[in-house]
Amino acid sequence: MIAVVSVALSGAVFAGNQEDTRDHQVTGTVVEGNVGWFVIETAKKERVEFSTNGTDLKPKVGEKVTVHYGITGRGWLLARKIENARQDR
């Protein structure tokens, strides 16, 4: 019984640390940022915060961008790539 519970719990812990490897993306205007993070505001006025931890991504406030990101096991949004968005979107 203990072995079954132990295996079940270790699987849950392992799954909790898994990163979502799908390519999510969202477009918006960078409204604030600092070393390691930035926030965009979408056309629907939603604010979305991203981590840039471990990358050299440095978007500038005021830029309209499309952010490609993954979701960490802890639920953080990790920016993987940032593209300048066309102004007519």
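The values are calculated or read from the model by the stated rules, or taken from the named source; none is laboratory data. For clarity, every value in this text was computed on a predicted model and none was experimentally measured. Glycine also receives a Cβ, built like all others from the backbone with ideal geometry; neighbour counts cover every protein chain displayed. Just so you know, the surface numbers come from the protein's heavy atoms only, side chains and all, with ligands and any DNA or RNA stripped out. Shrake-Rupley method; radii C 1.70, N 1.55, O 1.52, S 1.80 Å.
Filtering region 56-84 to residues that are farther than 23 Å from Ala43 by Cβ and either touching an Asp or Glu at 6+ places or on another chain (Cβ under 7 Å) or open to solvent by less than 60 Å² (accessible area, probe 1.4 Å) (or both) leaves Thr72, Gly73, Gly75. A Cβ distance below 6 Å, combined with a sequence gap of six or more or placement on separate chains, defines the contacts here; from region 42-58, residues that are on the phi < 0 side of the Ramachandran plot and modelled with pLDDT of 95 or more reach residues that are surrounded by 12 or more Cβ atoms within 10 Å (Cβ to Cβ) and in a loop (DSSP other than H, G, I, E, B) in the pairs Ser51/Trp76.
State yes or no: is Asn53 exposed (fewer than 12 other Cβ atoms within 10 Å of the Cβ), over 19 Å from Ala85 (Cα atoms) and polar (S, T, N, Q)? When the stated conditions are applied, Asn53 does not pass them.
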